[in-house]
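Please treat every number below as a calculation from the coordinates, not as lab data. Since the structure is predicted, the reported quantities are computational estimates derived from the model, not experimental observations. Here the Cβ is made from the backbone with ideal geometry for all residues, glycine too, and neighbour counts use every protein chain on show.
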Amino acid sequence: MAYEIAATGRALPARRVTNEELSQTVDTNDEWIRSHTGIGSRYLAEPELANSELAARAARQAIAQLAEKTGASEEDVTAGLDMIIVASVTGDYLGGVPPTSCLVQNLLGARQAAAFDIQVCCTGFIYGLEIAAGLLAVNPGYKKVLLICSELLSRITDWTDRSTCVLFGDGAAAAIIEKTTAPSSGEGKRGLLRCILGADGSGGGNLIVRRGGSRFPYKPGEIVDKPPHIEMDGRAVYNFAVKSITETIKALLEQENLSVHDLALIIPHQANARIVQAAQKRLALPENILYLNMSEYANTSAASIPIALDEANRAGKIKRGDIVMFVGFGGGLTYGGALVVW
Ligand code: UT7
């Protein structure tokens, strides 16, 4: 059996905010942001937009792509989804009550699908892929899992903190993972070859939304100056990111007995171009192997890798049989990588 990414989709809010526009309200400038991060703009959701709605839009794109590919109707593709997973740290409701995945299930009308959320910060897509393949492997009745990574980071961004607010954006992307009869190893192998997942909880405080959870809940009558927001030790996350990306790329290649020249593309988490370039230098990666789009979308956490994947897929940059690597890191601290034959 193989676990293949059969279709992808993405959705972004309408409003694109450039560095110049941001520097009118925050003490920053385009030169600093570009030179320190590679970011040029981000998309920010209008106040009325719910995460579940953006997630459903991305999902519909993937459903439409699969319908077109197979000749089935979109209703039939939707009716064929066995599980919906939403990876997000900015779900519609605190603590995921109700889970955003259930709200998306309802919006899609995918009544037969079970649904649950995962919260793995920026590594959500990679954890989600492994979970999706695992579910398809253990349940003989399952054929298709819809994995959606959707974030409204603008809702937990401190817009007075220039060291974090310039980094983040909103966005969603989806992938339909399908169980097929192709082999997953050996001659003609397809789909997900291998995942590496990891975590280092000792770094949990380096990227944290401190208030609003059960550890430090808001108290009745408490006056707060800011809503729950991301606090980050940028330098600590940077160092962790470079190390974990470098080691994960190396380990994945070794474990699958591949050289970097066997890969068509590496799609990293789109947090900061400098992080990826540092890993590229350490591993002497070929010039054009990394797919980078943070200049357009900034860091959309879990959504960043699948947004880039959908973009590359729709632009025809990945062909059937290509080997693609995903690699990510984020709050937790978590990290991971995956190798897929397209
Ligand atoms: O998904 C995971 C999410 N997290 C990450 O990926 C974060 C990883 N870390 C990073 O990407 C980098 O550490 C940052 C981009 C966050 C910061 O870059 P840096 O080169 O580590 O800058 P820094 O924090 O050391 O700050 C350097 C200077 C400081 O000024 P002084 O103290 O040297 O005068 C900051 O106040 O840059 C200043 N600065 C800014 N200046 C203009 C910090 N943010 C800004 C800003 N605009 N937005």
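How compact is the chain by the rule of thumb for globular proteins, expressed as Cα Rg over 2.2 N^0.38 Å? Can you show the working numbers first?
Working: Rg = 19.2 Å, N = 342, 2.2 N^0.38 = 20.2 Å.
Ratio of Rg to 2.2 N^0.38 Å for the chain: 0.95.
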Base-10 log of normalised Debye intensity for the range 246-319 (one unit scatterer per alpha-carbon) at q = 0.22 Å⁻¹: -1.08
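Ranking M83, M1, M294 by Cβ neighbours within 10 Å, fewest first, what do you get?
On the way: M83 23, M1 14, M294 26.
Ordered by Cβ neighbours within 10 Å, fewest first: M1, M83, M294.
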Cut-off 13 Å (backbone N to label point 7 Å along Cα→Cβ of S163), residues of the range 226-240: 231-238
Cut-off under 5 Å, modelled amide H: who pairs with H269 long-range: V327, G328, F329
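Explain nothing, just the number: relative contact order of the chain, from Cα pairs under 8 Å at least 6 residues apart, as a whole percent.
Details: 789 pairs, mean separation 86.9, N = 342.
Relative contact order here is 25 percent.
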Separation of the V138 and A284 label points, Cα + 7 Å toward Cβ, nm: 4.3 nm
Förster radius 45 Å - calculated FRET efficiency between S185 and I223 (Cβ-Cβ, nearest 0.05): 0.15
Highest-fluctuation residue, V209, V145, V89 considered, GNM on the chain with Cα pairs under 10 Å: V209
Viscosity 1.002 mPa s, 20 °C: Kirkwood-radius Stokes-Einstein D of the range 188-342 over Cα pairs, µm²/s: 127 µm²/s
Residue pairs, from the table K143/K250; K143/K317; K226/K281, whose Cα atoms sit over 30 Å apart: K143/K250; K226/K281
Cα-only radius of gyration and Dmax that characterise the range 1-41, units Å: 17.0, 54
Max mean-square fluctuation residue, GNM over the chain, Cα-Cα springs under 10 Å, options A79, A137, A284: A284
Ranked list, fewest to most other Cβ atoms within 10 Å of each Cβ, for E74, E254: E254, E74
Choice from A302, A87, A62 showing the highest fluctuation, given a GNM over the chain with Cα pairs closer than 10 Å: A62
